[in-house]
Amino acid sequence: MRPRDGDEPDGIPARPTQRELALLRPLARQFPNIDAAYAEIARLSAILTLPMGTIHVISDVHGEHRKLRHVINNASGTLRPLVERLFRDRMTPEEFQAFLTLIFYPAEFTERLQAEATDRPSADQEQVREFSRRTLRHLFELVRVLAARYSFKRALRVFPPEYADLYAELVHEPTADRGREFIDAIVDQLLRRGRALHLVHVTCRLVRNLAVHELIIAGDCWDRGPRGDRVVDYLRRQPNVSFVWGNHDVAWLGACLGHEPLICHVLRISLRYRRIRQIDEGYSIPTTPLEHLAATAYADDPCEHFRPAVSGLRPDDLVARMHKAAAILQFKLEGQLIARHPEWGMDDRRLLHRIDFAAGTVACDDGVYPLRDTRFPTVDPADPYRLSPEEADCLARMRHSFLNSQKLWEHARFIVRHGGMHLCRNEQLIFHGCVPCDPQGEFLPMPVAGGWYRGRRLYDELQRTVIGAVEERRPEQLDVLWYLWSGPRSPLFGKDRITTFERCFVADERTHRETKDPYFTLIHEPWFCEKVLAEFGVDPAEGLIVNGHVPVRIEAGESPLKRSGKAITIDGAFSEAYGDHGYTLVQEADRTLLALHHHFDSIEAAVRDGVDIIPTVTVIREHARPRRIADTEAGEQCRCEIELLERLIELYRTNALAQTASPAEFHP
């Protein structure tokens, strides 16, 4: 029987479509002939046999850049056991502690050593030479052990470009044909040029980068801690970092894109915790317009309920007035925003028109409550959400500065390009907050872009909206960023409301109540966790939900692992304002660990006194068989690439795509 047009007899490759040819031509340029494709298939097949790379997940950093740096430098405590196994018995306790300090803080350690050598050049240059030779030999050994976990191509990508060829040589040292002279020659040449300690520094950084295959930040880089800008600066220097966006992240993104309510929000919260330096110094955004508004409109206002949490260089009175000025701006602009979006059902959050200015009360929560602050110098009772001319001028100037902050734009773009609403890694579903639901566990819809979405579709639509906001900056997209910050159906917020106005102006704490989404109760139930996992395409039997956002009350004995055994919360109050602890979830080939971090004093104390934060490590899960790359999402990608290469070879064999001869091809 003659085959119909388009059918292919058994064993004969299907004729390619023009679309398939167009898709495979870029791959053909990379692998121009059959031998090149075979070699890549062999390489990818070998990679599948390697152990999976170690993944670290940290959530809710909240501006604590110093603590984050230490946690990353010591690989959340997982690097220390390897160093102990290799070197504990080969060093004195003092040498071992100094070696650990060097690995964790190479810049500070080598700078101190260099300064000491400069003060006493004749005697200490030989000491630096001996230190460099001995230390580099240990570090190169550590690099070899860690690099063995990777393919050579992957390891090369982690090597610092300036020293990539040198490290490629050192991966194979020592051998029978290479004596100590090989390392000595490197040290002598670099020492002669004043770069030996620099190589020590660079190699320590390489050790850290090889120890962690991927770093995932599960939301909230900014707010409460001192320098969110430095948090993102440091994360940009990591070789492989991914983000799951949190509600504080999208708030800063909206401010960066000029959304006025979010500009006022980030100003207010920065002033509340006196974190102004990250704005004016970190992002070159002058707060002079807000200072002027505070010094004029609020000159006679004591603002006693707006005083900053800590003292600093600016007078507390001025900061308190700036804080209140930003808060009133925020409440006015949010009132206008909510009025534009009746579909959000948030009219109860518009409170300025519910104030009885004569009586000094506000109507909220089906009651009337006295105000503890009755000074509203910029609020017109007849039109309370309208900005005064002075406020409008201040806001316009602040918005201009936010829109023109190059560094803030670079940070926002970096987090968006390397992030998403959720990630899946090794049957672990990672997101920041929750999946909004009712008490029966039914997923609840949220309005986005003219439609209503729930569950996985909600996450996907929100991800498109966030990315679209960066590219298109349409007002309705930017408004969604505000809703993600504090809307009742926001999966990044997870509460029925945010009571900022009540906490500022009402003493009665009953009005401060914020009710968590039922999700946070239901994750103790196995059936609900399995439903969530299945919704996101994760194996319900083996999967684990990982989220942050809600601090674990460690002092009260709360466990991060929920009763279901299928969900874990890794917000351990990283910020000092929340408790100064913090968790890292560590995915290793044979197990999943949870590292609990403790109070961090300072980098100076760590270098001077050899102080180390040794985390408390708990095993969450163990695997009967160590996982290989073949068992991971990366392995699935490798298999897809092999399939494409196999198809490319088929097309080469039929001349549907022409091969390019290799220069080394043998011609008889």
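Of all residues in segment 438-488, exactly one satisfies the criterion of being touching a residue at least 24 places away in the same chain (Cβ under 8 Å), open to solvent by 10 Å² or more (accessible area, probe 1.4 Å), part of a helix (DSSP H, G or I) and more than 24 Å from residue 412 (Cβ to Cβ), namely 456. Looking only at residues in segment 297-317 that are assigned to a helix (DSSP H, G or I) and not aliphatic (A, V, I, L, M), the one that is nearest to the chain's Cα centre (by Cα) is 306. Within segment 165-192, residues that are within 18 Å of residue 134 (Cβ to Cβ) reach partners that are of a type in the set (D, E, K, R) and at pLDDT 70 or above with beta carbons closer than 7 Å, at six or more positions or on different chains, in the pairs 183/133; 183/137; 184/133; 187/129; 187/133; 191/129.
Checking each residue in segment 204-250 for being aromatic (Phe, Trp, Tyr) and over 25 Å from residue 426 (Cβ atoms) picks out 222, 234. Taking segment 68-85 as the range and being out of contact with any Ser or Thr (no Cβ under 7 Å at 6 or more places or on another chain), farther than 18 Å from residue 203 by Cα and open to solvent by less than 10 Å² (accessible area, probe 1.4 Å) as the test, only 68 passes. Counting only residues that are outside any helix (DSSP H, G or I), in contact with a Lys or Arg (Cβ under 9 Å, 6 or more places away or on another chain) and of a type outside the set (Val, Ile, Thr), segment 490-507 holds 5 of them. Against the conditions (1) open to solvent by 20 Å² or more (accessible area, probe 1.4 Å); (2) among the aliphatic types (A, V, I, L, M); (3) touching a Gly at 6+ places or on another chain (Cβ under 7 Å), residue 218 satisfies every one except (1).
Taking the listed residues 320, 294, the one that is in a helix (DSSP H, G or I), surrounded by 21 or more Cβ atoms within 10 Å (Cβ to Cβ) and over 32 Å from the mean Cα position of the chain (by Cα) is 294, with no other qualifying. Taking helices (runs of 4 or more DSSP H) as the structural unit, those lying wholly within segment 141-237 and holding at least 1 residues that are in contact with a Leu (Cβ under 7 Å, 6 or more places away or on another chain) and either modelled with pLDDT of 85 or more or within 30 Å of residue 254 (Cα to Cα) (or both) correspond to 152-158, 164-170, 196-211, 228-236. Among the residues of segment 371-401, write down those that are open to solvent by less than 50 Å² (accessible area, probe 1.4 Å) and free of Cβ contacts under 8 Å to residues at least 60 places away in the same chain. If the condition is that a residue be open to solvent by less than 50 Å² (accessible area, probe 1.4 Å) and free of Cβ contacts under 8 Å to residues at least 60 places away in the same chain, then 376, 379, 384, 385, 387, 392 are the ones that fit. Any residue that is open to solvent by 20 Å² or more (accessible area, probe 1.4 Å), closer than 30 Å to residue 374 by Cβ and not hydrophobic (A, V, I, L, M, F, W, C) - is there at least one of those in segment 416-437? No; the residues of segment 416-437 include none that is open to solvent by 20 Å² or more (accessible area, probe 1.4 Å), closer than 30 Å to residue 374 by Cβ and not hydrophobic (A, V, I, L, M, F, W, C). Within the set 375, 386, 275, the sole residue that is part of a loop (DSSP other than H, G, I, E, B) and at pLDDT below 95 turns out to be 275. Suppose the filter is open to solvent by 10 Å² or more (accessible area, probe 1.4 Å), touching a Phe, Trp or Tyr at 6+ places or on another chain (Cβ under 7 Å) and touching a residue at least 40 places away in the same chain (Cβ under 8 Å); does residue 224 pass it? Answer is yes for this residue.
Within segment 514-570, the set of residues being open to solvent by 40 Å² or more (accessible area, probe 1.4 Å), within 18 Å of residue 421 (Cβ to Cβ) and touching a Lys or Arg at 6+ places or on another chain (Cβ under 6 Å) comprises just one member, 535.
The values are calculated or read from the model by the stated rules, or taken from the named source; none is laboratory data. The model shown is predicted, which means the values in this text are computed figures rather than measured ones. Every residue, glycine as well, gets a Cβ built from its backbone with ideal geometry; the counts of neighbours run over all protein chains shown. These accessible areas exclude ligands, DNA and RNA; they are computed on the full protein's heavy atoms, side chains included. Shrake-Rupley method; radii C 1.70, N 1.55, O 1.52, S 1.80 Å.
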